[in-house]
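Visitor: Have a look at this one.
The values are calculated or read from the model by the stated rules, or taken from the named source; none is laboratory data. None of the values given here were measured: they were computed from a predicted structure. Backbone-built Cβ (ideal geometry, glycine too); neighbour counts: all protein chains shown. Ligands, DNA and RNA are excluded from the accessible area calculation, which covers all protein heavy atoms including side chains. Shrake-Rupley method; radii C 1.70, N 1.55, O 1.52, S 1.80 Å.
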Amino acid sequence: MSTKSSTKPSTEPDVSGATPDARSGARTAARTIQGQKNLQDIRQASKDGIGGSPLRPDGTLKVRGEFAYSSDLWHEDMLWGMALRSPHPRANILSVDVSEALAVPGVYAVLTHEDIPGAKYYGLEIADQPALAIDRIRYHGEAIALVAADHPETARRAVKKIRVEYEVLTPIVTEEQCLDPATHGYVHEPHEYKSHAHGNICHEQRLVSGLGVTDEVRALADVVVSGTYEVGMQDQAFLGPESGLAVPAEDGGIDLYIATQWLHVDRQQIAPVLGLPEEKVRLTLAGVGGAFGGREDLSMQIHACLLAQRTDKPVKIVYARDESFFGHVHRHPARMFYEHGATRDGRLVYADARIVLDGGAYASASPAVVGNAASLGHGPYVIPNVRMHAIALYSNNPSCGAMRGFGAVQAAFGYETQMDRLAAELGMDPVELRQLNAVKQGDLMPTGQEIDAPAPVADLLQRVKDMPLPPPLDLDDLDVRQLPGALSNTSHGEGIVRGVGYSVGIKNVGFSEGFDDYSTARVRLEVIGGEPVALVHTAMAEVGQGGVTVHAQIARTELGVEQVTIHPADTGIGSAGSTSASRQTYMTGGAVKLAAEAVRHALIEKGRRRYGWTWNDITLTGGKVVSAAAGPLVSMVDLLGDDAIDLTREHHHRPTVPFDKETGQGFGHVQYTFCANRAVVDVDVELGLVKVVELTAVQDVGKALNPLSVVGQIQGGCTQALGLAVMEEIIVRDGKVRNASFTDYLIPTILDTPPIPVEILELPDPNAPYGLRGVGEAPTVSATPSIVAAIRNATGLALRRIPVRPEHLTTERPGAL
Amino acid sequence: MRVTFTANGKPVEADDVWEGESLLYVLRERVGLPGSKNACEQGECGSCTVYLDGVPVCSCLVAAGQVQDREVRTVEGLGGEDGGLGLVQQAFVDAGAVQCGFCTPGLLVQTDALLEQESQPSDSDIREALSGNLCRCTGYEKIMDAVRLASARKCAGKAVAE
Ligand code: FES
Ligand code: FES
């Protein structure tokens, strides 16, 4: 059996037009890797600068099938890596015998934790996760051993021949079990490598503002509503499986071509495990098929590198879909208790909440998720007295970490449900109640932080309410494919009830709580082929969000050039931070702006020295150096000559501080973003089937650098919210994942997804580059509650758990919300 | 075993194929056509959709041996005759229907097949035809736009030709 392809074309090396970096000898070895090609045709991109909607520079390659995703990478002589994963959520490992697996022809290496040359643990915030299980299993699917073989099937068969003896233990999976370690034990023993935790609590954050919530405060309210809410475990379910290629380099280091969200933090975690200094671990971004937070943690990175190190051959790992469900962190499932008090005329008096997030076996980003839940958990409302308590638990459930909306999603389901119940209790219109209490610029958050940028929450709600409604269901002129149940022809209109619901949400942009969040960009301007050409080099992970398009737009705007080349993202430049927290356009876009401005100043300075210009109104436009008063001065080509101007800048956002542990006070967030939604649903109340008829979104984006992408982000975010509302959940029973496939974990199809009309507002944030506001997450926070509200409106059911399932609709009794 | 078939009009041949291999694996790993994507390998996502003898199929569900002497057309074969983009490909780029793009190759083949059958599909027709192709990024709105755009261009093209 051979895996070598005789007809596979080898591809050219870097054809992006980039200046080669000083790299190791691995450059030659990596020449067949296609990833370098992914941005080649950016020079044909449209001329548009910011505010326009030029097409994606990688779009042409993507529709041709030529864009090299990480699972497409290929190297002559490469091996396939695969992991053995635990079938138990909690167990002691008594022995591991790899001898039979090693004997399989075509197998080059089988590794366990004993073969790790360096540090054995890693983690985003707490280094609590073993690269390969050591003595204990903490979740279903934990990796125990690795195989490298000449064909994926060989690897699969070898994995099956690894013999592991387990002592199976009862998993710690419920909140009650987690909080009672004396009876049920610890997921991590108290002495193990933890910084923030005690017992099975991974992290907690309290917040008290005003008078907090006391009997006196409660007495101020005329109406009180309270309830317990649950959110299931959602998965990012990006389509491109976790994958990458590790290539051993001549200098003893490793070159890793990888789909990730954050190259530098991957490297920080990988290098110590390999026992290598960071500079010997070089990462280049390969094509990424979606991320949504699921690639913020490591998955196969260390495994591929370990196998490459051991075999001295390139090793590729591509997860199958079930392995992808086991191999990345999910959205924290939550149990929340909320109590709100309001006056008779609808003013909120207090909010009290306890939010319990199941963080699973390892910490991942749980501490930051907890911080978000506590500091945003009261919603975009002015509430004089607030008490919040958010915790993340360690359990033997799958690990949870970053996913679009990051701690704000769960809370939004809680507080928005409460708003609807309060409105019902007060006999008020739910939108009016929200508007009455909406935050606006100048208000204080319960953290004490002033909202110092536009916060048009009431206006967003008004606009979404004013959008035209879809026409009512017309039973005489019906395409049954539009009904709940759609193609299954389950109804011809009988039993169908329509409902409408509203919601609004708040999300922070960028990394909070004192994290020094920054990004780095290098911009180079030179004459190529008789034209001024800008090169933009950052380590930003393009995961589909369109950052590469926006970077070119910024460079064109700042430098007055048409031609922009985007250098492949790699660790040859400083960190760009993560492609998450709606931060990349703000942070890396900001860095590109700073670097481009510096290049512009340097070029103008050169002109001043050469020509003695004294005007202060000089800009670059249309390839020329132009004075507003005196007109065109010289072409950039002439002024640049053979010189290149090549400058690197970092963009830091304004500093934030950690929240006080007990009171939650502090200037913790960089920027807030808001989205309002209206959902219209048809429910087949007999069968419990839901069809979302329309999902409308209105969002303030500060400044739309690329309106086409902005709208695309909002629609995509709404669709993931729809998934959480009515179908998406990883089912975990006794710590075991029951639906690790696209057959059983359902994400919305085009039939499940309605038209999503979007209106964007552009109220500039004075603190952000171009006044922009992070976009990607706000709709995912806000849209879910609107859909559930619409289903409640149609059915009269309380629906305190998401996703709403058919059995909830057919077995719950209508009653008070 | 050895498998021979035509891929995008060219004869190809793959040696040492293990009998459990899928057409998707053979295309991606053996004959240098990685355009069809591997997102579930279970027939659920449509990312691997190719034409087999003119009919769109999930190539992950087709055993390699089944394609002996048959005709396969992949996303790589959807281009225009001049080497430029095909009509459906161009529409997806223009409508902003490509974000991460992992779903795109499968959607392009399925859309091409839809428009071959019905050049002016209704929105319900489009949704029905594409319901086997998952996209996690776009929310499908721009995909709808792309199919409508391709349909309009195709009809306009026909009108001009007639
Ligand atoms: S990879 Fe074939 S349908 Fe998903
Ligand atoms: S564009 Fe990413 S899956 Fe469709």
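Visitor: Which FRET efficiency value, to the nearest 0.05, is calculated for B:ARG153 and A:LEU469 with the Förster distance at 35 angstrom and r the Cβ-Cβ distance?
Guide: 0.65
Visitor: Here's something else I'd like to know. Over all distinct Cα pairs, what is the inverse of the mean 1/r for the range A:204-312, reported as the Kirkwood hydrodynamic radius in Å?
Guide: Kirkwood radius, the range A:204-312: 17.5 Å.
Visitor: Dividing the alpha-carbon Rg of the range A:720-779 by 2.2 N^0.38 Å yields what? Don't skip to the end; give the middle numbers.
Guide: On the way: Rg = 17.7 Å, N = 60, 2.2 N^0.38 = 10.4 Å.
In units of the globular-protein estimate, the range A:720-779 measures up at 1.70.
Visitor: Is any residue of the range A:115-145 close enough, with backbone N under 14 Å, to a label point placed 7 angstrom from the Cα of A:LEU169 along the Cα-Cβ axis, and if so, which?
Guide: A:134-140
Visitor: Which order do you get for A:ASP115, A:ASP570 if you rank them by accessible area with a 1.4 Å probe, largest at the top?
Guide: Sorted descending by solvent-accessible area, the residues read A:ASP115, A:ASP570.
Visitor: For the residue pair B:ARG2 and A:GLU650, what label-to-label distance in nm results when each label sits 7 Å from Cα along the Cα-to-beta-carbon direction?
Guide: 6.1 nm
Visitor: Could you compute Rg(Cα) / (2.2 N^0.38 Å) for chain A, with N its residue count?
Guide: 0.97
Visitor: How about the range A:486-568: which GluC sites (Glu not before Pro) there are in a DSSP loop, with at most 16 other Cβ atoms within 10 Å of their Cβ?
Guide: Values: sites: A:GLU494, A:GLU513, A:GLU526, A:GLU542, A:GLU558, A:GLU562; in loops: A:GLU494, A:GLU513, A:GLU542, A:GLU562.
Filter output for the range A:486-568: A:GLU494.
Visitor: Related question: Taking the convex hull of the Cα atoms, report for the range A:607-751 its projected area averaged over all directions, in nm².
Guide: 19.1 nm²
Visitor: Which shape class applies to the range B:15-75: rounded if a/c is under 1.5, otherwise prolate when a/b exceeds b/c and oblate if not, where a ≥ b ≥ c are the square roots of the Cα gyration tensor eigenvalues?
Guide: Values: a/c = 1.40, a/b = 1.17, b/c = 1.20.
Note, shape of the range B:15-75 comes out rounded.
Visitor: Can you give me the Cα centroid spacing of the range A:317-341 and the range A:452-468 in angstrom?
Guide: 31 Å
Visitor: Taking 60 Å as R0, compute the FRET efficiency from the Cβ-Cβ separation of B:GLU116 and A:GLU230 and round it to 0.05.
Guide: Result of the calculation: an efficiency of 0.80.
Visitor: Among the lysines, select those whose C-alpha is under 21 Å from the C-alpha of B:LYS10, and discard any that sit fewer than 8 residues away in the same chain.
Guide: Partners within reach: A:LYS4, A:LYS8, B:LYS37.
Visitor: For an R0 of 51 angstrom, estimate the FRET efficiency from the Cβ-Cβ distance between A:ARG608 and A:VAL657 and round to the nearest 0.05.
Guide: So, using R0 = 51 Å, E works out to roughly 0.75.
Visitor: Sticking with the crude label model, points 7 Å out along Cα→Cβ, report the distance from A:GLN441 to B:ASP53 in nm, one decimal please.
Guide: With each label placed 7 Å out from Cα toward Cβ, I get 6.7 nm.
Visitor: What is the interface area between chains B and A, defined as buried accessible area summed over both chains with a 1.4 Å probe, reported in Å² to the nearest 100?
Guide: Rounded to the nearest hundred, the buried surface is 5000 Å².
Visitor: If you take the charge dipole of chain B about its Cα centre, with +1 on Lys and Arg Cβ and -1 on Asp and Glu Cβ, which of B:ASN38, B:ALA91, B:VAL72 is farthest toward its positive end?
Guide: B:ALA91
Visitor: Among the GluC sites (Glu not before Pro) within the range A:144-207, which fall in a DSSP loop and have no more than 14 other Cβ atoms within 10 Å of their own Cβ?
Guide: On the way: sites: A:GLU153, A:GLU165, A:GLU167, A:GLU175, A:GLU176, A:GLU192, A:GLU204; in loops: A:GLU192.
Here the sparse-neighbourhood loop sites are A:GLU192.
Visitor: Something else: Hey, got the average number of other protein chain Cβ atoms within 10 angstrom for residues in B:140-146?
Guide: Rounded to a whole number, the mean comes out at 5.
Visitor: Let me test this: with uniform point scatterers at the alpha carbons of the range B:56-162, what is the Debye-based log₁₀ I(q)/I(0) at q = 0.17 1/Å?
Guide: After summing over all Cα pairs, the log10 values are -0.82.
Visitor: For the range A:289-374, what does the alpha-carbon gyration tensor say about shape, rounded, prolate or oblate, given a ≥ b ≥ c as the root eigenvalues, a/c under 1.5 as rounded, and a/b over b/c as prolate?
Guide: Prolate, because a/c is 1.5 or more and a/b exceeds b/c.
Visitor: Just to confirm, what accessible area per residue do you get for chain A at 1.4 Å probe, in whole Å²?
Guide: Value for chain A: 33 Å² per residue.
Visitor: Count, for each residue of B:87-100, the Cβ atoms from other chains sitting within 10 Å of its Cβ, then give me the mean as a whole number.
Guide: Average neighbour count from other chains, rounded to a whole number: 6.
Visitor: So, one more: Which net charge results for the neighbourhood of A:ALA237, defined as the other residues with beta-carbon distances under 14 angstrom from its beta-carbon, given Lys and Arg at +1 and Asp and Glu at -1?
Guide: Value of the local net charge: -4.
Visitor: Among residues other than A:ALA704 whose Cβ falls under 14 Å from its Cβ, what is the net charge (Lys/Arg +1, Asp/Glu -1)?
Guide: On the way: positive: A:LYS703, A:ARG773; negative: A:ASP48, A:ASP700, A:GLU759, A:GLU762, A:ASP765.
Net charge around A:ALA704: -3.
Visitor: Calculate the length of the line joining the C-alpha centroid of the range A:549-606 to that of the range A:228-248, in whole Å.
Guide: Taking the Cα centre of the range A:228-248 as reference, the centre of the range A:549-606 is 29 Å away.
Visitor: Counting only protein heavy atoms and using a 1.4 Å probe, what share of the accessible area of the protein assembly as shown belongs to carbon plus sulfur, as a whole percent? Display every interim value, and only then the final one.
Guide: On the way: 16140 of 32590 Å².
Roughly 50 percent of what the probe reaches on the protein assembly as shown is carbon or sulfur.
Visitor: Two-decimal Rg/Rh of the range A:54-150 from alpha-carbon positions, Kirkwood Rh? Write out the running numbers ahead of the final one.
Guide: Numbers: Rg = 18.3 Å, Rh = 16.3 Å.
Ratio of gyration radius to Kirkwood radius for the range A:54-150: 1.12.
Visitor: Describe numerically, in nm with one decimal, the distance between label points set 7 Å from Cα along Cα→Cβ at A:ASP479 and at A:ASP638.
Guide: Going by the 7 Å Cα→Cβ label model, 6.1 nm.
Visitor: Further question on the same structure: How would you classify the range A:172-242 from its alpha-carbon gyration tensor, with a ≥ b ≥ c the square roots of the eigenvalues: rounded for a/c under 1.5, else prolate if a/b is greater than b/c, otherwise oblate?
Guide: oblate
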